[in-house]
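Accompanying notes for the structure given below.
The values are calculated or read from the model by the stated rules, or taken from the named source; none is laboratory data. Keep in mind that what you see is a predicted model, and the values were worked out from it rather than measured. Glycine gets a Cβ as well: all are built from the backbone with ideal geometry, and neighbour counts include every protein chain shown. Heads up: the accessible areas ignore ligands, DNA and RNA and are worked out on the full protein's heavy atoms, side chains in. Shrake-Rupley method; radii C 1.70, N 1.55, O 1.52, S 1.80 Å.
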Amino acid sequence: MLFPRSFGITWEHDTRYWTWLSITEPSASGDEEIEVPELVKVCWLTIHGKLVISRLSPGVNYEVVFIVMLQEDGYGWEVPVDLCLVLPDGKRLIQKVNLETMPKSQWIEIHVGDFKTPHQLGDQEKEVNFIMSEHEKLNWKKGLVIEEVIIRPKK
């Protein structure tokens, strides 16, 4: 799991655009407080993060998912967001997802893409990058909360 403080979020430090909330997340070692960003309003949405593949097991199929919530009072999601997974070899897996059709006020998984780690990890600095963006239409958006990104073995 990767938490939002490790991501790059455009205008994340400007309270006109994002606010950071503390939520309680259950874990094996007890409840943990984590900080999550809630979108106040932006017209240019870009969220990106990365993971060095040496932290993963070799020769395993993985999937990458954003865990997000759309608030009831959210708006501006008529235009689909772009999801991009950049693999260590530079290949880009890109798709569009319509958040407007997603359930409101509950955590949902948004699948970014799948990849397989090499059997020999080799270069320890190779990374997998993930991006959620929408700046094609530049309409104002509100009400997205980002809990985490999960990179997990694919079933």
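So which strands (runs of 3 or more DSSP E) stay within the range 49-151 end to end and still have 3 or more residues that are in contact (Cβ under 8 Å) with a residue 40 or more places away in the chain and surrounded by 15 or more Cβ atoms within 10 Å (Cβ to Cβ)?
Working: elements: 61-75, 81-86, 92-97, 108-116, 127-134.
Per the criteria, 61-75, 81-86, 108-116, 127-134.
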* Go through the range 103-139 and give me each residue that's of a type in the set (A, V, I, L, M, F, W, C), farther than 15 Å from CYS84 by Cα and at pLDDT 95 or above. => TRP107, ILE108
* Between a first residue in the range 25-42 that is over 15 Å from GLN71 (Cα atoms) and open to solvent by 20 Å² or more (accessible area, probe 1.4 Å) and a second residue that is of a type outside the set (A, V, I, L, M) and at pLDDT 90 or above, which pairs have beta carbons less than 6 Å apart while being 6 or more apart in sequence or on different chains? -> GLU33/SER22; GLU35/ARG5; GLU35/TRP20; GLU35/SER22
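Does THR15 meet the test of being in contact with an Asp or Glu (Cβ under 8 Å, 6 or more places away or on another chain), open to solvent by 40 Å² or more (accessible area, probe 1.4 Å), of a type outside the set (Lys, Arg) and over 25 Å from VAL64 (Cβ atoms)? Break it down into steps so the answer makes sense when it comes.
Details: in contact with an Asp or Glu (Cβ under 8 Å, 6 or more places away or on another chain): no; open to solvent by 40 Å² or more (accessible area, probe 1.4 Å): yes; of a type outside the set (Lys, Arg): yes; over 25 Å from VAL64 (Cβ atoms): yes.
Answer is no for this residue.
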* Asked: Quick one: would you say GLU35 is assigned to a strand (DSSP E or B), in contact with a Ser or Thr (Cβ under 7 Å, 6 or more places away or on another chain) and either among the polar types (S, T, N, Q) or over 22 Å from LEU138 (Cα atoms) (or both)?
  -> yes
